Structure formats: C-alpha cells, structure tokens
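Notes for the one structure printed next.
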Amino acid sequence: MLPRLKIDSHYYDDAMQRAAEAFGAEPLFGFRFDLDRDNVPCAGYGCADAEKVCVCRGEEVMTAEIDSMDDIEYVQYIGCAAIEYTFDGERYELCRSDMKNAVALQNTVKRLRSLHEGKDIGHISENEDETACPVCGTPYRAGSKICPNCADRKKLLTRLLPVAKPHAVPLLISLALYFAGVGLSIYNGMINRTLVDDYLHTDTPKQEGFWWVIAVMVGVALFSALLPMVRGIIFAKVGNRITVKLRRDVYEKVQAMSLSGISRRTAGEIITRVTSDTDVMREFLVSILPDVLRISLTFIGISIAMFIINWKLTLMILIPVPLIILMFYFLRTFMNSIYHRQWHAEEAVNSLLHDVFSGIRVVKVFGTEKYESERFDKAARRVRDISKKNEVTWNKIMPFAEFLLGIGEYAILFFVGSAIIAGTSSLGELTQFLTYVGLIYGPLRQAAFLPRRFARAMTSAAKVFELIDEEPDVANGENAVDREITGNIHFEKVYFGYNNYEDVLKNITLDINKGEMAGIVGRSGVGKSTMINLVMRLYDVRSGRITVDGVDLRDYDQHCLRSQIGVVLQETYLFRGTIYSNIAYARPGCTSDDVIRAAKLANAHEFIMRLPDAYNTLVGERGQTLSGGERQRIAIARAILRDPKILILDEATASLDTKTEKLIQDALEKLISGRTTIAIAHRLSTLRNATKLVVLEKGEIEEMGTHEELILNKKRYYKLVMAQRQMSKMKKSDTTKPEVIK
Amino acid sequence: MEHKNDFLNIVKIEYLTPENAKFSETANGFPKMEAFIPKVKKDDLEESVDDTAPVWQDLGRVFFHRAFPYDSAENFISVTDKEGNEYGLIRSLSEFDGAGREIIERELKRKYYTPVITKIKSVKERFGYSYWEVETESGSASFAMHDTFRNTAKISEERVVLTDVDGNRYEIKDVFALDRKSYRKIELYL
C-alpha cells in the first residue's frame, strides 16, 4: 500500500477487524491512529479491555497486558503524538498518530492509566472519541464537539435578520413605502404614454386637461422625492440603534470570554471587530438589504406592468437578465476573495500600530524608530498595493458590464421603432417602454455593485459571529450559588493542565481555613500562579475539586465569587482616569470617605496628598506618572476598599525597593488580618506571617507546614531559606564595603 | 561602528561533538547518549558540585529539540533529558556521521512530522473556516483550518507553514514553485 495521508475508511475497517480477531473478546473501547513508528502514514486501530490492549498496524498485530505496562504516557511531538509505556524496565511505543487523533490518544492514555490502577472506567459511548463530524467528515476543533461545517450551514443571513427584529415596525413601514414607490414609477410610465399619445403626438391633440396631466406628473415627482426622505430618516434611526446593540453584544462577549480566548487574539483585531465590523453589519441591514428589496420589488413590479402591455417585447427585454445575473454570480465570488485580502491587510496595519504604541518605550530605548517606520511603511504599502489592485480590477470590469447592460435599450429602440414604422405601435408605447426599461435596468446596474457590498458585509458578519459563537471555556452552572462566603478554601485531589495531556498541577490536596495565610513557594513555572488562577476560577480544574465553604467553585456564580476575592498582582494596571476613580473602581458607589480611609490604610494617602491635584490627579493610559510602589499602594487601596473574603497576593512586593516594600508590607498586614490569604513570593521574608507554607515542585506539593516545621525538616524550603540568607549577606557586605575603606 | 560583545563570553555553550558524545539506541530504538561533559546534577537540591571537569557518563535516553526549526533545521539541535533540561547543543548535524548521525536524523524525523504540500487541489472558504484538498509528498490529504490567515505562518518570502484545526502542520517549501492554479489558491492568505 502506498503511503497515504488520507486513508480510506475501509483500511481502518480491515485494521479494526484484524485487531478484533487478535483480541478475541469484547473490547471496552477502541481508538484509531494513523502513523507508524517512522511517521509513515498507515491505518491503525487499537482496542482494550480491563486486561489487555491490542494494536493493529497494517499487517502487524501486537497485544500487551495492561497490568505489566507502567508509566503509560502521552508524548507530544511536533505535528504528531505517541503513547509510550514501560515494560520490564524498557520503554516501548504503543502507537503514534498525527494530531487528528490526538484527543483520542489522550483519552486512551487516561483510560489505560485508570485500568492499570484497577479503576473502573465505566461505559464509553461510541462517538466520545470521534474527532471528526460524522455528517461531513470535517475534523472538530480541539476540545469541541461542534462541527464548524454543519453548525455554520445556517446561513449568516438568518443570523443577521433577528438583529433587526426589534425594529420590525419602522422597517415594515419602509417596506410599504417601497411598494408605494414602485406603484408611482409604474403610474409615471402610464402618464408618459398618455402625454405623448393623447396630447403631443397625435393628429387631434386634446386641449382640455393638459395642465392636469402636467400637475399629476409634478405630484408624482414630488412624492417620489418625499418617499426616500422618510425612508432615509427611518433607516438612520434604526441603523444607529442596531449598531449600538451589535457593538454591545460583541463587547460583552469579549468580556465574557475566558482568558485563553482573549489572549489568542491581538487587541487590534478585537478592536476592529467591535468597531468597524459591526458597522459594516449595520450597513448591511439598513442599506444593502433595503436595496436588495427595492431592486427586486421594482424589477418584479415593472416586469408585470410590461407583460400586461406587450408580453412579447417584455420577454425580449428580459432575455439578457439571466446572463447578467450569471455575470454577477461570478463577479461576486471573485470580489469576495479580493476584498477578504484587503481586510486582512488593513487589519495587519491596525495590529502593527497597536503593537508599536503599546511598546513605545521599548522602541524608544532601543532606538528602533526607523526600523518600526519601515515596518509600518511596508504594511501600509501592502494595503495600498492590494487596494490599488482591487480598484483597478473593479474598474476594468465595470465599464464593460455597464455596456452589456445598455444593450437591452438599443434592442427595444430597434423593435418598437420597427413596429412604429410598420404602424402597429404608437410613439406613446415606445415612450412608456423606454421609461420602464430605464426603471428595470437602472436597478440592475445598481445591483452590479451589490456583490461588492455583500461580500464586505458577509466577511464582517462571519468574523463577528465567529466571536459571538465562541463558547466560553468557563461557564456558570445551572443553579449558580450566589451567597456571601466566609473563606474556607479546600483543594481536593486537584489535577489541572492548560492542555489535555500535561498536568501542571498534580494531586493537590490543601486546606486553607478562614483567616489563614498560605504562602506558596517554588521555582518559576512550577504552578504557583496556576493555583491562584484556579481559585479565581479563570480556568476549571481537570479533575478533583476546589471548594469554598464546602461548595464546589463551579457551582458558584462567577461574578459572586470574584466579587469576594481581592487581588494584588506584581504589576498594577491603572485605568485612564483619576486616582480617585481608580481606587473607587473596586466598589462603585462608595463614598469619598471610604476611598480616603482605604488609601490611608494602604499607606497611599500621604503620597497622594503630595501631588498637586491629590485624588484628582489623572493617571495616564498606563499610570506612567506614578512609580511602581505608588501604583502598588493604589492596588492595595483598591483591594482594601473591596473588603474581600479571600485575598490573593501574587508577587505583590517583588518589584519594589526595601523602603517601599516595608510600607507595602505594613499596608498588606492590615489587609491580611482576618482574611483568608494566598500569597506567592520568591522573597521568603515576605511570607513571614504565613500560617502555612506550601512548597510546590513539579506540580505537586512537596512540603507543607509552618516556617519552623519546614526549617526543621531540612528539605527544599530549608535550602531555599539558606540560599536567600546567603544572598542577603552578600548584599549587605557589598553595601558596607565603602565604609571599611574609609 | 563594529561592536564586539565580550560580555557574552561569560556564558559557555556546551557543544556536543562526535568526540564528546556517543549516540546509540535502546532495545526499542529510542536514542541514548554517553557524553564527556561536566557531571550532570539530577536534582537542583543536590549539593552543588563546583567541579566542572568533564567526565564520561551514561545519560540514558535523550531527546532532541531544534533551536531554529524553520530557519536552520540541521543546526543547533538541543539534546535534553525528559524534562527538557539541556545537556548540550549539537552545532551542526553534519559534524556527525555513520550510526550516530542516523540515530539523530531518525529521531528528528519522528519528532517533527510536517507533510510537504506539493499541490493544492481546492480551497473552500466558509465562515472563518477553510477546507483544503492537497497533494503532499506522502499522498493526498484534506484538512480544515480555522482563522486561516492567522494560521498561515510566513516563514520567509517563499516558505509557508499551515496549521490545521487539529494542530497538524503542513509545509510549502516554495509557494512560487507551485503550479499556477495552486498558487492562485493560496495567494489569498499570503
């Protein structure tokens, strides 16, 4: 068999059958894999029950006793993955696959491990490991069971319309106005005919009523002008409301998104989606869609009127219409793709700008302004090139299309003209027909621009809905608990990993009681911050559970939970606004009295009062006018004002000088008393008040106890303390040196 | 102005060469290494040994990781333990020959699986997803990409790596060398 990436399902069936024969019993579960040891594509199938696992790869079949397999592991390579295990002291590879079956392999490892430990893995449903949609074969996205293909079948249009639903009444009124408009156009044609046949081009021109005909024509023209005006006003009102609603929806969605969802995208991209994409969607609803309506109504109405007068001629006029529509169809797909490109290029420029201005200090310090200018220049030139190319293409196609559209009018002139010469038709009829043809081909001409606008709108809509459709990783339960907590945190055999196969935290069991201060110690990357992320429920645990006051975190209302947790991080972000508003941010609606008290407790009042504008001092976009220590004290004031039941300190004093640290330590001590506190610190002296110290190593708790206990233990904590003492001694001797010289 | 950075010399890169590193295979074909390097500390809590004199030691199974997987796949290959702690760097694969080189190359091939696209048969785009039908050096393949533009990594002017929804990678060595129809299909995402 030739190596093939796309393996027909019957090869799998073969492998499955061979595996089943070799297995000889009813398997608990099966899994597919599609690479051999040397990454050559093959059809592979494996199955297992409580005793043994059997894999079949091409002709090769292998069975292993699960009891004798130790350290079963999922190994992630680059673009492929494998299952490995130890047997009799030797390492073996069980099977290997590309990333298509990665989830299945991860689940297999999980199950094999459980079976090895003698646990019951329960019933496994047939499609649990299915990584591709059973309907269309499209692979699922990691961790999701929604087929992007089938779920999105529902046309964007049907998604867009409900957005306009609350504004149905004004929109229906405008629809009625459209009807009136079409009626007026048809009536206008009839008057034209009367004017020519009865008054102008006849041997016996009528005298009476001529001024009346003119008056009716003026009236029709006036109404034709008034109708669009009313429509315009309605659409302006409705359109703005729709934009606001859409923007709010997208914005709320962005806020509700989990951290991982947000950090996947650049800020610039999210901004584009919130602002310009929603605007294009509004344009679709209040401009493009009405245009489509107007054009089709006019087209149908006029066609009917013409049919009644002269159906043969009408058919002749309508014959080129399918051709024109066909032309539009190809134009649309073509334009869709080229505008997509323009969108990407424009977004690249936006992202670049955002990137550079966020890091403007780095740019200045390293003196790379020129390099950045060139980078921007390059991106801007790309937009220019693409949009130039698009415009050129557009302008090449359009005049030709316009010409084709005009051909119909000449055809009429020819046919009706011949009829007039032959005496079977009147000049009035020609006038009427020419009026109608103008009315029918006019909208078709406008319709030529619709694909372009349509494509733009659909691209934007797809991008906005993509964001709206994103399922939050962390969701509120059905009966979310909303109550005041006292602050007893309990970790119960918690396992967690940012991906499915690698645990950052393993078997963490830990009690932090009300009022206790737990210090988490360990080297960087060991899972300290992950632990507090879990307490704040920015992520959900993979197995085990975390309870607060005996209730699982997942059963709390997220807002309720987080509103009772206060956080002081290493870096504090201050919003643009005054110091006052930044502190009051923690508890909207608090009094000035509260804010000043909080600032005093945080040792911030003093430095704030030294500023010319005191509490009304504006802090810049990143609070750049304040020092790190000052910002930190504002953050503590925030936390104090919040009066949280659980306090989290993540390296809160890491970036400060000794004197400021002392101030902040004092402030923190006031804050900590009586609250459940979890603190992370590299500098162990920061944790001297901790009632419990937890030493993490490789995602597991290595040691736990009070400072004294751990010192007596003489293990990792002891060594860390000794090492840091050594360091501080060295520092001291450094500072004393000059005095010695004196 | 020519700038010479002597400061960088305070750190030394442990280079692994055929002279100080011997690669062989375990019974099941996993690479292992014996190397003549300073004694490797298995745990950072061990009393620090100031002795940096190299000794021959059997390090057991080793893992490889390319420092520049895109820019220069054959150079600067890190040799690590299971946790990713580095024993040393191979400056260039070409320094090795014979069985040792074979072992390294085989393991690299096992670790990095990136089918090379030779032809693009069709690309269909729908609502933020694109569906690809391609020919690769090891047969035809079809895959779906999400947020296609973002997941099309432009390694250089001509080299592109596509990452599909599952995390599989597909490489196009030179987009300009593709046939015209294929190029037109990917042009949109470049």
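The values are calculated or read from the model by the stated rules, or taken from the named source; none is laboratory data. Since this is a predicted model, take the numbers as computed values, not measurements. FYI the Cβ positions are ideal-geometry reconstructions off the backbone, even for glycines, and counts take in every protein chain you see. These accessible areas exclude ligands, DNA and RNA; they are computed on the full protein's heavy atoms, side chains included. Shrake-Rupley method; radii C 1.70, N 1.55, O 1.52, S 1.80 Å.
Listed values, structure above:
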| quantity | calculated |
| --- | --- |
| Counted residues, the stretch B:160-190 - those being away from chain A (no Cβ under 14 Å), of a type outside the set (Phe, Trp, Tyr) and open to solvent by 50 Å² or more (accessible area, probe 1.4 Å) | 6 |
| Subset of the stretch A:661-708 (residues that are at pLDDT 80 or above, assigned to a helix (DSSP H, G or I) and open to solvent by 70 Å² or more (accessible area, probe 1.4 Å)) | A:Glu708 |
| Hits in the stretch A:16-39 - residues which are within 14 Å of another protein chain (Cβ to nearest Cβ) and either over 22 Å from A:Met99 (Cβ atoms) or of a type outside the set (D, E, K, R) (or both) | A:Phe33, A:Leu35, A:Asn39 |
| When residues of the stretch B:94-110 are limited to those that are closer than 16 Å to B:Ala67 by Cβ and buried (at least 18 other Cβ atoms within 10 Å of the Cβ), the one farthest from the other protein chains (Cβ to nearest Cβ) | B:Ile104 |
| Helices (runs of 4 or more DSSP H) within the stretch A:565-610 that include 1 or more residues closer than 29 Å to A:Lys514 by Cβ and in contact with a Phe, Trp or Tyr (Cβ under 7 Å, 6 or more places away or on another chain) | A:592-601 |
| Top-ranked residue of the stretch B:58-85 - restricted to ones that are among the acidic types (Asp, Glu) and more than 15 Å from B:Pro31 (Cα to Cα), ranked as least open to solvent (accessible area, probe 1.4 Å) | B:Glu74 |
| Any hit, the stretch B:167-186, residues being touching a His at 6+ places or on another chain (Cβ under 9 Å), part of a loop (DSSP other than H, G, I, E, B), closer than 30 Å to A:Gln342 by Cα and not acidic (Asp, Glu) | no |
| Output for the stretch A:64-85, where each listed residue is assigned to a strand (DSSP E or B) and within 10 Å of chain B (Cβ to nearest Cβ) | A:Glu73, A:Val75, A:Gln76, A:Ile78, A:Cys80, A:Ala81, A:Ala82, A:Glu84 |
| Residue satisfying condition, being farther than 17 Å from A:Gly183 by Cα and assigned by TED's automatic domain parsing to the domain that holds A:Leu175, within set A:Arg247, A:Arg231 | A:Arg247 |
| Residue ID - surrounded by the fewest Cβ atoms within 10 Å (Cβ to Cβ), chosen from residues in the stretch A:86-101 that are over 16 Å from A:Arg37 (Cα atoms) and within 7 Å of chain B (Cβ to nearest Cβ) | A:Glu90 |
| Filter result (farther than 21 Å from A:Pro41 by Cβ and more than 8 Å from chain A (Cβ to nearest Cβ)) within the stretch B:112-146 | B:Val123, B:Lys124, B:Ser130 |
